[in-house]
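Contents: one structure, followed by commentary.
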Amino acid sequence: MGQRILLLAEPLLAEGLVRLLEQSPQTYTVGNRPETLDGPPQLVLWCVDASIEPEALWREAHHLHHTWQPAPLLITLPAAGPWPQALLLSLPAEGLLQAPSADGLLKALGTVLAGGREVQLVGGPQPDAGAVAPGPALGLGQWLLISGLQQIEQDLALCDQMLQAGPTHPVMLLMLQGRRRELWAARSLLHLLWGPLSLAWGPMPVPSQSLPRAPLNGSKPQQTRNSAPTVISLGQRTADGTWDAICGRLRQRIGEELSNRSGQLLALEGLQPQRRSDLLLALLEHLTLLRQQLRQDHEPSGQLRERWFALQDDLRRQALRHMASPYVQLPQEGSLRPVAETLVDRCDLNGSDPELPDPQAMLAALVLDQPLLVDGQLLAPDAPLALLHLEQLVANWLVRSAEQLSAQVLTCCAAWPELRRYLLVPELLSTRNLERLRNQLNAQQRWTNWLERPVAVYESRRPLLSIDAGAITLRQQTEPRDQELRQLTWSQQLVTLALETRDALAPQLHSLIQGIGRVVVVLLTEVVGRAIGLVGKGIVQGMGRSLRGSQ
């Protein structure tokens with residue numbers, strides 16, 4: 001007797017699937033109705049038609065999940081459909097396959113029946129949440145913000161297309177990279193000048209993170225965007241299975257050559273590509289060891305944060321040794337010195353990035369397998385949305401920790417010229433280029449601490465660095481940061497006070513400008529217009545009398 005599968009599909013498709021399952025190496029008992037099975041189903045396989053609406057898909061998936069518990073639910077979908085990817089990832093299904101092959105379906109059946117999870121969503125056009133919806137006329141601030149961001153996004157897409165086309169002349173490459181940094185700075189300036197002001201004057205119809213492209217040659221704006229494929233495979237729906245899936249996805253992305261699309265200058269760019277990957281992978285491996293140690297120690301939830309911070313310095317120290325290789329020695333002042341130990345002794349590994357979020361939720365989910373709050377929903381760590389959120393948090397910690405270590409490496413290389421050939425890119429062999437990069441990084445850090453961070457904290461925005469499609473990108477996550485707001489210095493609180501004052505005065509200023517405009521209209525039409533009309537009428541009458549007198 002094989003494992004019992006309840007198959008819900010169109011008759012013609014169901015016949016083909018029954019034949020496929022009967023010919024598979026595993027033994028399955030497939031039925032189209034519950035009464036045809038010798039007992040309750042051990043898995044429910046639902047093949048969704050492309051015509052089903054998103055609301056109906058959501059309702060039916062929840063109905064099947066509650067009806068046939070504890071049997072897992074495996075849903076197959078066609079390649080194209082009216083379902084946004086966020087909706088599909090939130091469905092209560094242990095398996096979610098979009099346009100699967102025969103081998104992929106059989107593999108997913110085995111994984112789900114063994115207690116795992118399988119998600120395979122193809123990339124494609126998705127409804128764009130940033131499309132302009134019909135509504136009231138835009139104000140001046142909103143129009144300036146939206147039109148400026150559309151032009152910047154269009155120019156950024158053109159620069160990215162030219163950079164991805166292939167090798168270019170070094171001068172052209174420097175010009176394109178400089179143009180991209182210029183556009184990123186212009187986008188930040190637009191958000192700073194018009195973002196909060198336009199929000200105070202009225203709701204924004206276009207989110208800044210997903211703007212539609214500006215219309216070209218009279219065509220309509222694009223209403224769709226392409227989503228990246230999502231592949232999640234868990235052997236077991238436990239904390240260990242979730243961590244293995246996250247590590248596998250991150251290793252695959254770190255193995256590629258990473259470019260910088262975060263809009264910020266990163267010290268990580270100064271390292272050679274191989275050293276960059278070695279550093280990120282070393283941090284990930286030692287983070288895995290740290291997680292195992294926390295699980296073996298059986299730390300209670302309240303002490304995870306303290307243990308985490310206590311072990312951070314040792315973790316960075318070990319990762320730095322691994323990146324520099326403990327067996328390499330380089331000359332310095334006439335003698336050979338071990339690179340790894342010298343770097344560890346000279347680098348300041350204390351402290352952490354203030355933009356790192358509180359690790360308590362991440363540690364509770366990955367160590368203790370506790371539920372995670374994502375978008376207002378309390379989800380198990382192995383749920384697709386929770387797993388992707390945990391992956392984002394881990395990637396943010398990886399990149400920010402690597403950035404902190406890279407900045408310290410640049411400082412050591414400034415005093416150890418022989419080390420530059422071993423760790424840094426060829427462009428930084430020059431002392432002038434290295435010092436210029438360090439000065440730019442210091443200036444960026446001061447600007448961020450003085451202005452950008454207070455604004456982000458006051459607006460409850462958390463910038464998260466992620467690794468996507470061979471690039472380091474920046475995403476904004478909205479979360480309460482009231483405790484950090486109270487811990488700002490007096491100079492940073494002045495920035496938040498200025499924003500609060502501007503937001504408070506913006507409606508009154510808008511009403512005042514509208515009132516002045518109405519008064520000006522009344523003066524021009526009722527007073528000046530009538531006066532000009534009377535003067536004109538008098539001139540015409542005078543000219544008529546003079547003509548009659550001359551006749």
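State whether the residues of the range 491-511 include one that is in a helix (DSSP H, G or I), modelled with pLDDT of 85 or more, over 29 Å from the mean Cα position of the chain (by Cα) and within 30 Å of Trp397 (Cβ to Cβ).
Taking every residue of the range 491-511 in turn, at least one turns out to be in a helix (DSSP H, G or I), modelled with pLDDT of 85 or more, over 29 Å from the mean Cα position of the chain (by Cα) and within 30 Å of Trp397 (Cβ to Cβ).
When only residues in the range 121-177 that are of a type in the set (A, V, I, L, M, F, W, C) and either in contact with a His (Cβ under 6 Å, 6 or more places away or on another chain) or modelled with pLDDT under 65 (or both) count, which is farthest from Ile513 (Cα to Cα)?
As a first pass, look at the range 121-177 and keep what is of a type in the set (A, V, I, L, M, F, W, C): 121-122, 129, 131-133, 137-138, 140, 143-146, 149, 152, 156-159, 162-163, 165, 171-176.
Still in the running and either in contact with a His (Cβ under 6 Å, 6 or more places away or on another chain) or modelled with pLDDT under 65 (or both): 129, 131-133, 137-138, 140.
Working: Ala129: 32, Ala131: 30, Val132: 26, Ala133: 27, Ala137: 17, Leu138: 15, Leu140: 12 Å.
So the residue we want is Ala129.
Within the range 265-306, how many residues turn out to be part of a loop (DSSP other than H, G, I, E, B) and out of contact with any Leu (no Cβ under 7 Å at 6 or more places or on another chain)?
So the answer is 4.
What pairs come out if I take residues in the range 259-275 that are more than 14 Å from Leu410 (Cα to Cα) and pair them with residues that are assigned to a strand (DSSP E or B) and of a type in the set (Ser, Thr, Tyr) whose C-beta lies under 8 Å away, six or more apart or interchain?
Arg261/Thr473; Ser262/Thr473
Read through the list (1) loosely packed, with under 15 Cβ neighbours inside 10 Å; (2) in contact (Cβ under 8 Å) with a residue 24 or more places away in the chain; (3) over 30 Å from Leu109 (Cβ atoms), then give the number of the only condition that Arg291 fails.
(1)
Would you mind finding the one in Glu257, Glu269, Glu299 that is more than 21 Å from the chain's Cα centre (by Cα), more than 30 Å from Ala108 (Cα to Cα) and acidic (Asp, Glu)?
Working: Glu257 fails: more than 21 Å from the chain's Cα centre (by Cα); Glu269 fails: more than 21 Å from the chain's Cα centre (by Cα).
None of the others qualify; the one that does is Glu299.
Could you list all residues from the range 419-437 that are buried (at least 18 other Cβ atoms within 10 Å of the Cβ) and in a helix (DSSP H, G or I)? Let's see the steps before the verdict.
Going through the range 419-437, the residues buried (at least 18 other Cβ atoms within 10 Å of the Cβ) turn out to be 419-420, 423-424, 428, 434, 437.
The answer is Leu419, Arg420, Leu423, Leu428, Leu434, Leu437.
Need the failing condition index for Ile472 against (1) free of Cβ contacts under 8 Å to residues at least 12 places away in the same chain; (2) among the β-branched types (Val, Ile, Thr); (3) outside any helix (DSSP H, G or I), just the number.
For Ile472, the failing item is (1).
Could you please let me know if Ala415 is farther than 30 Å from Glu299 by Cβ, at pLDDT below 90 and of a type in the set (A, V, I, L, M)?
Judged against the criteria, Ala415 is a match.
From the list Gln293, Gln392, which residue is within 18 Å of the chain's Cα centre (by Cα) and at negative phi?
That would be Gln392, the only listed residue that is within 18 Å of the chain's Cα centre (by Cα) and at negative phi.
Just a yes or no: is a residue in the range 445-467 of a type outside the set (Gly, Ala, Ser) and either over 28 Å from the mean Cα position of the chain (by Cα) or more than 20 Å from Ser188 (Cβ to Cβ) (or both)? Walk me through how you get there before you give the answer.
First, the residues of the range 445-467 that are of a type outside the set (Gly, Ala, Ser): 445-455, 457-459, 461-465, 467.
Filter once more, keeping what is either over 28 Å from the mean Cα position of the chain (by Cα) or more than 20 Å from Ser188 (Cβ to Cβ) (or both): 467.
Taking every residue of the range 445-467 in turn, at least one turns out to be of a type outside the set (Gly, Ala, Ser) and either over 28 Å from the mean Cα position of the chain (by Cα) or more than 20 Å from Ser188 (Cβ to Cβ) (or both).
Cβ contacts < 6 Å: first residue closer than 16 Å to Glu55 by Cα and in the same structural domain as Leu8 (by TED's automatic domain parsing), restricted to the range 76-89; second residue in a loop (DSSP other than H, G, I, E, B) and among the hydrophobic types (A, V, I, L, M, F, W, C), any location; separation 6+ or different chain. Result?
Leu77/Val48; Gly81/Ala50
Out of (1) assigned to a strand (DSSP E or B); (2) within 30 Å of Glu479 (Cα to Cα), what's the single condition that is false for Leu336?
(2)
From the list Arg502, Arg462, pick out the single residue that is surrounded by 13 or more Cβ atoms within 10 Å (Cβ to Cβ) and within 30 Å of Arg253 (Cβ to Cβ).
Numbers: Arg502 fails: within 30 Å of Arg253 (Cβ to Cβ).
Just a single option satisfies the conditions, and that option is Arg462.
Can you name the strands (runs of 3 or more DSSP E) wholly within the range 1-113 that have at least 1 residues being in contact with a Phe, Trp or Tyr (Cβ under 6 Å, 6 or more places away or on another chain) and surrounded by 15 or more Cβ atoms within 10 Å (Cβ to Cβ)?
It comes to 3-8, 43-47, 73-77.
The values are calculated or read from the model by the stated rules, or taken from the named source; none is laboratory data. The shown structure was predicted, so the numbers you read here are calculated from the model rather than taken from an experiment. Counting neighbours? That spans all protein chains shown, and the Cβs are built from the backbone with ideal geometry, glycine included.
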